[in-house]
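S.K.: Structure incoming, see below.
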Amino acid sequence: MSKKNVKVLVLTPEIYSYGAMVVAGALEEAGFETNIMKFTLDTKVNSLPQADVYAIGLYSTLHVLEFKNWILNLKSAYKKPIIIGGPVTQVPELILTNMDFIDAVIVGEAEETIVDLVETLMARRDLDIVDGIAFRSQGEIVKTKPRSPIDMERRPYPKIPDDISEQSIRGAHVYIEVLRGCKGSCTFCQVPKLFGKKIRSRPIDKIIEEVKLFKKRGAYRIAISGGTTSFYGCGSSWINEDEIRKMLKSISEIVGPKNLSAPDIRIDAASDGVLEAIAKYTIGWVFFGIESGSQKMLDKMLKGFKVNDVYDTVYRAKRLGVKPAGSFIVAYPGETNEDFEETVTIVRELPLMDHFVSIAEPIPGTPLAEEIAKIELNENPLFINDTSSFAKLHNLSIAEMRAYQLMVEGYYARCIQPSLADEQVFKLFLNEAKKQGSDIKTCTLEIKRLYSILKQKPP
């Protein structure tokens, strides 16, 4: 069968994810007839275009659990090969033990693997000739040889949907990729395992051409994805301010600084030069991954910086015209009441413009997931009821109570004057803390199930 006669439908849950667009671009560049569509649980599978292969990108443990029955219905309706990819596939057993009807899982970077895999499926050849995948064979899970990281100079352009301009992700039409890899070792993050620790930057001319393509389709509000933006073009150095400045300036000249953001920057890679470039060429908002005010917890997370570095960086950012915000993780294994109070203190003292609070989530393949899998539920603060009167009234766990309290502390820290709307704001915080708690409890139970299976497998 000629490639041009092979139809591939790339499906992405809820939004047009950048990764799905790039995969669709790789398939189209290879000569396949390719479409990309969003889907939700409400999408009727019989309303989808018929295709020879369906490729679905999933991004979290919750995605796997929420969409597995929908994907089964898709398989039953069309009886065509289904491929699963995305960051969630770093431990492919998560997919293959929940969806034993899936034809293959792409492990790692997908742009080259997806082309080889579709060709192999259409030719009805044995899947074990394709590097970088996992699949079931005679009841057993087979993993092929890992594929080498792709050359970012040859990485395909994304296939941009016609309605991309209708999308809003934290205010941006799209988050684009300027590099892959991270020099950090954060124990809760999957980026180093997914993309490696070596930084691979895209050439500026490729980035610029891509931004122009998005703008032509009406997607002019651009954000740069990932917390490693300041590693762009670093080579063997820790950072390269000139390359970062050049990259931000080049994008800003196309979309304007009011339409460009580089929102996620590491504390230990925020030099004056980097911050000045962000202030000049972007909207100027930065979310620092602070995570905790406890040095003990920062060390356990392998964040690589000191609490004093957080104060220094945030105040330098303010001085240089950047609007600093911070993300925080509560209920990380080993966090005591004293550790949490140190985080409350840093939230109260830092001049942050916004706060993002999350309960520690065990992402498959991370050291955090391995640790949480070993912790008994009656020792996990997510499953232990908080004994305060407020927590009892609202049936909150220790983790949920800490998340709620830190959200409230952040609100008061940035609130100039109390408002009559405070009660509604606090209700939103309470609902968010309970939603996070419910979701991460579900993920935790699944991680414990998954890692018990992995533990039984021979090395």
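The values are calculated or read from the model by the stated rules, or taken from the named source; none is laboratory data. Predicted, not measured: the structure shown is a model, and the values here were computed from it. Here the Cβ positions follow ideal geometry from the backbone for every residue, glycine too, while neighbour counts run over all protein chains shown.
S.K.: Please give the number of the condition Leu377 fails out of (1) farther than 30 Å from Ser452 by Cβ; (2) assigned by TED's automatic domain parsing to the domain that holds Lys434; (3) among the aliphatic types (A, V, I, L, M); (4) in contact with a Phe, Trp or Tyr (Cβ under 7 Å, 6 or more places away or on another chain).
M.R.: Leu377 satisfies every listed condition except (1).
S.K.: Go through Gly256, Gly284, Gly293 for me and flag whichever is in contact with an Asp or Glu (Cβ under 7 Å, 6 or more places away or on another chain) and either buried (at least 18 other Cβ atoms within 10 Å of the Cβ) or at pLDDT 95 or above (or both).
M.R.: Gly293
S.K.: Of all residues in the stretch 296-319, count the ones that are part of a loop (DSSP other than H, G, I, E, B) and surrounded by 14 or more Cβ atoms within 10 Å (Cβ to Cβ).
M.R.: 5
S.K.: Look at the stretch 409-452 and say how many of its residues are at pLDDT below 90 and more than 27 Å from the chain's Cα centre (by Cα).
M.R.: Residues that pass the stated criteria total 10.
S.K.: Here is a follow-up. For the stretch 322-406, please list each of the helices (runs of 4 or more DSSP H) lying entirely inside it that holds at least 3 residues being surrounded by 16 or more Cβ atoms within 10 Å (Cβ to Cβ).
M.R.: 337-349, 367-374
S.K.: Report yes if some residue within the stretch 40-52 is basic (Lys, Arg), part of a strand (DSSP E or B) and surrounded by fewer than 19 Cβ atoms within 10 Å (Cβ to Cβ); otherwise report no.
M.R.: Within the stretch 40-52, not a single residue is basic (Lys, Arg), part of a strand (DSSP E or B) and surrounded by fewer than 19 Cβ atoms within 10 Å (Cβ to Cβ).
S.K.: Go through Gly284, Gly289, Gly293, Gly233 for me and flag whichever is within 25 Å of the chain's Cα centre (by Cα) and in contact (Cβ under 8 Å) with a residue 60 or more places away in the chain.
M.R.: It is Gly289.
S.K.: Scan the stretch 197-216 for residues that are in a loop (DSSP other than H, G, I, E, B) and either among the β-branched types (Val, Ile, Thr) or surrounded by fewer than 16 Cβ atoms within 10 Å (Cβ to Cβ) (or both) and jot them down.
M.R.: If the condition is that a residue be in a loop (DSSP other than H, G, I, E, B) and either among the β-branched types (Val, Ile, Thr) or surrounded by fewer than 16 Cβ atoms within 10 Å (Cβ to Cβ) (or both), then Lys197, Lys198, Ile199, Pro203 are the ones that fit.
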